[in-house]
Amino acid sequence: MSELDSDTIVALASAPVASALAIFRVSGPSTRRLLKNIVGFIPKNRVSTLSTFKSSDNRVFDKGLVVFFQGPKSFTGEDSCEFHIHGGLGVIKILMDTCISQSRPGKIIRFAEPGEFSKRAYVNGKICLHEAEAISDLVNAESEEKVNAINRMINEGFGKEIISLSKFLIALRAELEAQLDFS
């Protein structure tokens, strides 16, 4: 991974509108530090835990669920977590500001680029390229038919068929080049 990819990334995973709930994702080497600073502890791996959330100035700003995913057995292959908070725009802003304010030299915490969580999962070998593309397609799917088609592609081994065909074509090309070179 590049130096940029060693940053910890944060992003709102739900729609950026006022709602009952919002989900905020974090992934990277500073995840544990963020958890300690915001909820005061590192929750058990993969256990949804009711927690009080504190801002940078140590004031309680919300109470909700937090889930810690220990790397490499996480979606991105890195330590990551999700904060399930109330979806008021003020609450969302406080959590975003609190995360970004924890950035330190050499331990950058920044907003994720679109698709960056999936990119990290791909780079870390957690998903293959067609699965990363399928995630984007699912996010943008506007009909049940599209969702069903994407899931058939993912779950019925389409990617494995493509990989197998690719390996076959590479071997065939090598054989043809060898025949041309050594005939």
Checklist outcome for this item: Expressed per residue, the solvent accessible area of the chain in Å² (1.4 Å probe) is about 62 Å²
Checklist entry - Can you give me the Cα centroid spacing of segment 15-45 and segment 73-115 in angstrom? => result 6 Å
Checklist outcome for this item: Under a Gaussian network model of the chain whose springs join Cα atoms within less than 10 Å, the largest fluctuation of ASP57, ASP137, ASP79 belongs to ASP57
Item to check | Rg [Å, one decimal], Dmax [Å, integer] - segment 68-108, C-alpha atoms | outcome: 12.7, 33
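Report the far tail of the P(r) of the chain, meaning the percent of Cα-Cα pairs longer than 22 Å.
55 percent
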Next on the checklist: Which one, LYS54, LYS146, LYS36, has the greatest fluctuation when you compute a Gaussian network model over the chain with C-alpha springs under 10 angstrom?
Outcome noted: LYS146
Item to check | the chain: DSSP helices with Cα axial extent of at least 27 Å and average Kyte-Doolittle hydropathy no lower than 0.5 | outcome: 158-182
Checklist entry - Taking all protein chains as present, what is the carbon and sulfur share of the accessible area of the chain, in % to the nearest whole number, probe 1.4 Å? => result 59 percent
Item to check | Pairwise FRET efficiency - ASP57 versus SER6, Cβ, R0 = 41 Å, nearest 0.05 | outcome: 0.90
Item to check | Counting all C-alpha pairs of segment 8-66, share separated by more than 18 Å (%) | outcome: 37 percent
Item to check | Dipole magnitude of segment 27-157, debye to nearest 20 (Cβ charges: Lys/Arg +1, Asp/Glu -1, about Cα centre) | outcome: 900 debye
Item to check | Pairs beyond 32 Å (Cα-Cα), from LYS54/LYS146; LYS119/LYS146; LYS36/LYS119; LYS44/LYS107 | outcome: LYS54/LYS146
Next on the checklist: Compute a Gaussian network model of the chain, connecting alpha carbons closer than 10 Å, and tell me which residue from VAL139, VAL147, VAL91 fluctuates the most.
Outcome noted: VAL139
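For the chain, calculate the relative contact order in percent as a whole number, restricting contacts to Cα pairs under 8 Å that are 6 or more residues apart.
Answer for the chain is 19 percent.
The values are calculated or read from the model by the stated rules, or taken from the named source; none is laboratory data. In this text the structure is predicted, and so the values were computed from the model without any measurement. Note that we place each Cβ from the backbone using ideal geometry, even for glycine, and neighbour counts take in every protein chain shown. For accessibility, only protein heavy atoms count, side chains too; no ligands or nucleic acids. Shrake-Rupley method; radii C 1.70, N 1.55, O 1.52, S 1.80 Å.
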